[in-house]
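Structure record follows, encoded as structure tokens.
The values are calculated or read from the model by the stated rules, or taken from the named source; none is laboratory data. Computed from a predicted model, the values in this text were never measured in an experiment. Virtual Cβ from ideal backbone geometry, glycine too; neighbours counted across all protein chains shown.
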Amino acid sequence: MSFRLVATAMATISQVQLIERGVHMAGKLYGQAPIPMLVVGTVMGSGAELLKPVACILINRCQHSHQAYIKLTTNSKLALGLSCLFMLQIYQSPLVLGLSRHQLLVYTLVLTTTFKFLSLAYRTEHFIWLLEHQMQYAFFGGFSGDLSKFFRRLPKRSVRPTWTFSEFD
């Protein structure tokens, strides 16, 4: 267990540094374009884990199967989230609360390492699955569908008197 803790801390530090370097390198190379910064940061942070779903899609497409879907691992999702965070810092977004590049790097290292330790010790991946399910419900149609069903409910119509309408209504 002690070796796992040390290896997890070292892997997390290198992963966060790779993501940060990838986002800044893509920002310099592509002229602050957001999509290349996200892609390069995520690929550098998650490595081959991100390429597995892409390969599955290509294989299913070549076999003329329509059952292809992308299922990212927790590590790839973390790399994508950190890439977004570092990209927001480059654009000096108020969502980052005015943190400098090095402050953001330190805070993400501490939070990511803590998350990995909790995941290792207590198996907290189920928390991420629950959070994903709630985000999917809120942002991708579940919540809006429920609201639209709720507001489409019309009160029961009573019999309207016909004498209040003109012949052109």
So ALA11, is it over 21 Å from GLU132 (Cα atoms), touching a Pro at 6+ places or on another chain (Cβ under 6 Å) and in a helix (DSSP H, G or I): no
Test: ILE70 is surrounded by fewer than 14 Cβ atoms within 10 Å (Cβ to Cβ), modelled with pLDDT of 90 or more and within 15 Å of the chain's Cα centre (by Cα): no
Here is a list of conditions, (1) surrounded by 13 or more Cβ atoms within 10 Å (Cβ to Cβ); (2) modelled with pLDDT under 90, and THR162 meets all of them except one; can you say which number that is? (1)
Would you check which residues across the range 14-38 are without any contact (Cβ under 8 Å) to a residue 40 or more places away in the chain, assigned to a helix (DSSP H, G or I) and farther than 14 Å from GLY81 by Cα and list them? SER14, ARG21, MET25, ALA26, LYS28, LEU29, PRO36
